[in-house]
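FYI, it's all coordinate maths here, none of it is from the lab. It should be emphasised that the depicted structure is a prediction, and the values quoted were computed from it without experimental measurement. Heads up, the Cβs are rebuilt from the backbone with ideal geometry, glycines too, and the neighbour counts pull from every protein chain shown.
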Amino acid sequence: MSVMSFTQAVYVGLGASSLVLLVGTILVRRGTPSVRRGEAQARNVWEMAFLAGGPGRVVDAALAGMCEDGRLAVGGPGVVTVRQATAQHAVESAVLDAVARTPGGALAAVRAEAMRSPRSRASATGWRPAD
């Protein structure tokens, strides 16, 4: 009869602990209720942007949408200019206000100013700030 070497004992211990962890993980995952896709849908594009990256992503989405339909233009060195001052959402209104308040219309400054606006933060959560 041979005695198990130290190396063999280590491998048996690793295998046993891996098996225990695997079984435990399976038991926990089976006991945890999963969220169905229908229950986890975002209500609008602003909520999706907020969930993907917070107020900054909401402002980015507004800037991109407004550039896409021609209401804003972004020049070469990152200067934002307003072509048509119409807002279809509170976030877009916050972007237009930020462009008006930012001297020179620097994109980074406009983005930072609009991110701090209560309207961009409230867009995804459903509450409306008092103006």
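In the Gaussian network model of the chain, springs joining C-alpha atoms below 10 Å, which of Asp97, Asp69, Asp60 carries the largest mean-square fluctuation? Maximum fluctuation in the GNM of the chain, among the listed residues, is at Asp69. Look at the alpha carbon pairs under 8 Å that are at least 6 residues apart: their mean separation over the length of segment 43-125 gives a relative contact order of 33 percent.
Spin-label model, Arg83/Arg30: points 7 Å from Cα along the beta carbon direction are separated by 5.9 nm. Between the entries (1) 136; (2) 185; (3) 217, the label attached to volume of the Cα convex hull per residue in Å³ calculated for this structure is (3). Separation of segment 1-24 and segment 44-62, taken as the distance between their Cα centroids, equals 49 angstrom. Alpha-carbon geometry of segment 40-111: the Rg and the Dmax are 12.2, 41 Å, given in that order.
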